[in-house]
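Below: the structure, in structure tokens.
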Amino acid sequence: MDEIHRYLKSLGIPLAQPAPQSNLPRISQPATLPNSRMINHPFGSVCVIVENIPLTDPARSFEIPVEIIQWLGLKKPNPRFSVEDFLFIDVETSGEYGGAGVLCFLVGVGRISNRAVQLSQYLLLHPEDELAQLLELEKILLSAKGFMTYNGKSFDLPLLQARFQFHHIPSPLHEGLHIDLLQLTRKIWKNHSPNRALRTMEATVLGIQRAVDDIPGWMIPSIYRDYLLTQDTSFLTPILYHNKMDVLSLAYLYLHIADLFSHLIEPTPENAPTYFRLANFYQSIGETKRAILAYEACQPYLLDEDQSLHTLETLGHLYKKEKSYRNAVDQWQKAAQLGSLSAHLELAKYYERIEKDPTTAETWIRAALNVLDHAKLNHFERSKWQKELQYRLERLGRNQGSVLK
Amino acid sequence: MLDTLIEAWLSDPSIVENIVSRKHDPPSSRNGVAFPEWLHPSLGNALRENGITALYPHQSEALHAIQLGRHHTLIVSGIASGKSLIYQIPILNTLLESRDTSALLLFPTKALAYDQGTKLQNIISKLPELRSMPSSLMAQFDGDTPSNQRSKIIQNAQILLTNPDMLHHRILPRHSQWNRFFSNLKYIVLDEIHVYRGVFGSHVANILRRLKRIAAHYRSRPQFILTSGTISAPEEFAAQLIEEPLVKIEQKATTNSERSYWIYNPPILNTDLGIRRHPFIDAQRFTLDSIAHHLHSIIFCRSRKEVELLLIDLREKSVVSLSDGEQSIRSYRSGYLPSLRRDVEQSLRSGNAKCVVATNALELGIDIGALDITMIIGFPGSIASTWQQFGRSGRTGRASLGILLLSDDPLDQYLAQHPSYLWESTPEKVIIDPNNPLILLAHLRCALYELPISEESVFGTAPTDLLSALLESLVLQGDAIRGTKAFYFSDTKMPHSFSIRSISENSVQLILDSSHSTSPLGTVDFASADWLIHPGATYFHDGHPYEVETLDLNRHVAILKPGSLDRITQPLIDSQVQSLVSTESEHFRSPSGYSYQIAYGHIELWRQVQGYLVFDRQTRLVRERNSISLPPRALTTKAFWLTLSQALVESLRRAGTWSNDPNQYGSNWQVQKNLARQRDHYRCQSCGLPEKGQAHHVHHKIPFRLFANSEEANCLENLITLCPACHRKVEGMVRVQSGLAALGYTFTHISPLFARCDRQDLGVIIDPQPRWNENLPTILIHEQFPGGIGLAFRLYQIANQLLQTLKDHIQRCPCADGCPSCTGPVATNGMGGKKEALALLEKIAA
């Protein structure tokens, strides 16, 4: 043995001098972690930390907004879901990339019920307890109808799934619905702030303030490694806090979105852009009436000229779709005043086809050509509009015969 | 055509007299055996549609072992023997019978995988049962697979063609993604296993250890099917690779086209000095002739530098006969940018290139079209390589010629004396050492990432004390933690980023700094950087010379500028032994009663490039010697060494009646001799003895023969006064030293043949009075890879046989006092030492 040690050392392989020093006793009960208890299985034990966190503002409705269910692509008849059927999930991993050696060493699971968030954190005190952790998790996951995550589609859920696969357990995640709030957030708060990180959303939308010493997520794997190598549970405290805040934020973010959908939040100049995106969202899932309501609600408050113009044009388009021409014309006229070429064109079409008034139609086309002369457009767009408007003009001329000459 | 050219060459005496040996393989017809009864009828039809109507006996035998015996099976056969059918049939047959089975096929190169994929697809497309299966049922998965196709392959592939690198980097560390594939894994095919030698093979053996652990985790027990080219003791090597018992099926070489092979030994120009015509000159003639006959040829060289030098020579010579010399004659080696390589491959396939000069980078796989002639400059180091390289011509059923052109290297000349060694296939063993601690440690870390390692679990045949020491080291490094029954991974990063092909993971980027701009030129592996691209070195690339301006080993960048064609450089490397520990040794007493010791153990040495020589490319004469100083590099590895006893040294000294003929020492000798005695106050400068009645001797510190003229040799600084006794001692040492040096030279050149490795894999140290080995004369052969991969141990085991071979070889050489083919060139180091080397060997070898 000594010979081997000498040789390995000369090859630069580090070896402890007399006996391995790092044979630390295993932690059986983490005394320093409050609210924790050990659940023992024949093949290990998992540490579960349970906390009931009252909601600052109780949920106003437990039903998951139909828009979200629609957005998930569920066909009618629309099933109804209560938020109590869903679990908020956030996973902390022991490594950077997904691979067989990366553990989901901490899984935070939250459930909204009775004016509070019930939080359970499933913590691995040693990698050898993973099977126990997963079997406990399996129980709670199978009790839910769906899951809400933040970027869980590409991170939390596949990683967790891989752990179940690793232990030959059929994944309990396949059973439920999955609402990835990051994707909803991207739709609703596009261009809202520099990024869509959960922390940014907390600060700018939810008004949640974390403790100043909250650790950044990227440090978590190496902090967990420090814990593993020292078995000092005080390393785990900031990770547990971080994970708890992530789960809480998820719940608050969901509630905020649900309130938006229920119009429980009044449009103001500050949140008008959010309503604008919400209207876009309605439009994308084919909810025309709701889209019109949302656009109308936010239009007066929109300060961004492009957004405002887009709103008027879209409202015109939506009213036209609903065959509500008077409202459509109102919107187009407002848009035309702001220099919208498409509004001019829509008005010309309206007078030509609906009102059978070619003269007014021609006036709008000529006005549009005038706008085009001063518009800031690139060559390609300009020539496209030029062609389109000339074509309209000639068509009107043909139909009118000599009148226009 | 080829026939005409061969006839012309054979009727030319200046060629025929240099052909040492010839071998001719007529196309052989083989008797067919019917398809086995268990063959699925659809598969039988699909094979017939692909033109396969019967099997060769060895195919039938192998299929029986695989399908009915359920044995791990090794198929050993030559080129074009239909060995791929032997694994295609069981895989497809099993798939037809049970739709969810999967098979993993590992190829040493992407190009080979591609070839096999095409062949398999041809059969699969004729199987109606598999038509409804997803298109990625069979898929190639490697570095070139587009990322948007990978998840489809992960989900659907059942026949996966990949390479050990991909298995190591992408599949094993993410095995849970592949759980469907691993759960149904029925076959693991390892094609062309003879390629898995040395460091690469040692890595592959460890990857297979990991693979088997993963398969067991998914409760599958796959069956191995291995194929190999001709090597010695293939089943022993295969069993070392997969660490399972297996059945060997051998097929004697057969060909479907006419093939001729020559061993060609260029003539000796100077018998005394043993100088032989350089094989480049003959290769050039053969190449120009073959181009004139509209034939395509490939020339294999042993080193990257040789490729470039021959390319330059060929392009210079062919300018007259070829309008587009640069495009007609191409080169191919590692270190070229991928775009340049693809371009060369393409021009070979299209036939635009008439000749390609290459290293063994072109030995395997890559489709380079139909070639007529293979030339190999110098024995490539192994029989398998020789046949692989010969096999690059004549692939499409056309006749072909292979010429092995020998250099004056001792190994080559050994083959000239023993051509049957090549023809009769008594090739070398493939040596790997899966338990090299550094390699094993790297793979243990990966294995731990993939699956915990339990205390009592085994990792192939790795010794348990070594395993536990290494696991302990991983714990110490924070990469692992102990559980109650197992070790677990505890690092945050995936530990798989190392390369399994080269010794050093990194390469140095070559940047060309021309007057206007800088551009990337190519790469050199980090391990070779010191001696290939040290500052001042001439580096050839695609036939053009460059000179290295700076080498930054920290940033892995070398800056080169256009260089001169006349200049080539050679680094001067200093090696110093720091420590030497023997783990095994044996004392011998020779028939003549002298004892010597052969030992094996580990060595720690420091090496440093301290300067370089500049040669004229045409004359190969030294122009200048420059000093540089690169930081020393430490190497701990395995070595074997021969230690001579004091008594043996004494007897050599006594035998050494060194006869100095004063007349040969030039006209000023008497004068200088007396001046030296006077300067030294007529006293021996070694023991202090004053002259008593008789004049002391005067000794040349640097041997007389090393000087170009006697004036320089006889300058006072080079002379020293010694009493006759001390002079005998000193001259004896010189004789021992030159004997040792000569023997060392032969050792390094012949040993690779027995260790089955490249010349660069071994280093030699000779020292007549090493303080690291009790001041006893020592010849030490060490491995170049940290930790060693079993080469030194192999040599240790056969040391006495090796000594005997060396003695026979030197005795047979017709030269006078040593030549490049036996104990080293007289011209380069000034002393042949042949007599001394033989005297030494005669004392110890029977």
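Structure data summary
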read-out: Residue within the range A:292-305 that is of a type outside the set (A, V, I, L, M), in a helix (DSSP H, G or I), within 23 Å of the chain's Cα centre (by Cα) and surrounded by fewer than 22 Cβ atoms within 10 Å (Cβ to Cβ) present; value: no
read-out: Members of the range B:338-371 that are assigned to a loop (DSSP other than H, G, I, E, B) and touching a strand residue (DSSP E or B) at 6+ places or on another chain (Cβ under 6 Å); value: B:353, B:371
read-out: Positions within the range B:179-201 being assigned to a helix (DSSP H, G or I) and away from chain A (no Cβ under 14 Å), in sequence order; value: B:193, B:194, B:195, B:198, B:199, B:200, B:201
read-out: Selected residue (criterion: surrounded by the most Cβ atoms within 10 Å (Cβ to Cβ)) from residues of the range B:324-337 that are under 22 Å from the mean Cα position of the chain (by Cα) and in a loop (DSSP other than H, G, I, E, B); value: B:333
read-out: Residue identified as crowded, with 17+ Cβ neighbours inside 10 Å, modelled with pLDDT of 90 or more and in the same structural domain as residue B:384 (by TED's automatic domain parsing) among B:357, B:344; value: B:357
read-out: Any hit, the range B:341-360, residues being under 20 Å from residue B:280 (Cβ atoms), of a type in the set (D, E, K, R) and touching a Lys or Arg at 6+ places or on another chain (Cβ under 6 Å); value: no
read-out: Flag if residue A:141 is among the hydrophobic types (A, V, I, L, M, F, W, C), within 14 Å of chain B (Cβ to nearest Cβ) and part of a helix (DSSP H, G or I); value: no
read-out: Within the range A:167-275, helices (runs of 4 or more DSSP H) holding 3 or more residues that are among the aliphatic types (A, V, I, L, M), at negative phi and more than 14 Å from every other protein chain (Cβ to nearest Cβ); value: A:181-188, A:236-261
read-out: Residue match in the range A:73-93 (condition: within 24 Å of the chain's Cα centre (by Cα), touching a residue at least 24 places away in the same chain (Cβ under 8 Å) and within 14 Å of chain B (Cβ to nearest Cβ)); value: yes
read-out: Residue under evaluation residue A:327, criteria (1) assigned to a helix (DSSP H, G or I); (2) modelled with pLDDT under 85; (3) closer than 30 Å to residue A:189 by Cα, criterion not met; value: (2)
read-out: Selected residue (only one of B:568, B:559, B:573 is part of a strand (DSSP E or B) and touching a residue at least 60 places away in the same chain (Cβ under 8 Å)); value: B:568
read-out: Criterion: touching a residue at least 40 places away in the same chain (Cβ under 8 Å) and outside the structural domain of residue A:325 (by TED's automatic domain parsing) - qualifying residue of A:285, A:257; value: A:257
read-out: Selection count, the range A:96-117, where residues are within 14 Å of another protein chain (Cβ to nearest Cβ) and not hydrophobic (A, V, I, L, M, F, W, C); value: 5
read-out: Scope the range B:3-37; condition hydrophobic (A, V, I, L, M, F, W, C) and either assigned by TED's automatic domain parsing to the domain that holds residue B:288 or touching a residue at least 60 places away in the same chain (Cβ under 8 Å) (or both); matching residues; value: B:5, B:6, B:8, B:9, B:10, B:15, B:16, B:19, B:20
read-out: Yes/no for residue B:465 being facing chain A (nearest Cβ under 7 Å) and assigned to a loop (DSSP other than H, G, I, E, B); value: no
read-out: Residue B:434 being part of a loop (DSSP other than H, G, I, E, B), within 14 Å of chain A (Cβ to nearest Cβ) and in contact (Cβ under 8 Å) with a residue 12 or more places away in the chain; value: no
read-out: Neighbours by Cβ (under 7 Å, 6+ apart or cross-chain): first from the range A:136-155, farther than 20 Å from residue A:64 by Cβ and in the same structural domain as residue A:167 (by TED's automatic domain parsing); second surrounded by fewer than 21 Cβ atoms within 10 Å (Cβ to Cβ) and aliphatic (A, V, I, L, M); value: A:136/A:39; A:136/A:48; A:138/A:169
read-out: Qualifying positions in the range A:128-152 - among the polar types (S, T, N, Q), over 18 Å from residue A:63 (Cα atoms) and surrounded by 21 or more Cβ atoms within 10 Å (Cβ to Cβ); value: A:133
read-out: Residue count, the range B:363-379 (criterion: modelled with pLDDT under 85 and either surrounded by 22 or more Cβ atoms within 10 Å (Cβ to Cβ) or hydroxyl-bearing (Ser, Thr, Tyr) (or both)); value: 1
read-out: Condition met for residue A:286 (within 14 Å of chain B (Cβ to nearest Cβ) and either in contact with a helix residue (DSSP H, G or I) (Cβ under 8 Å, 6 or more places away or on another chain) or at positive phi (or both)); value: no
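The values are calculated or read from the model by the stated rules, or taken from the named source; none is laboratory data. In this text the structure is predicted, and so the values were computed from the model without any measurement. So basically every Cβ, Gly included, is an ideal-geometry build from the backbone, and we count neighbours across all protein chains shown.
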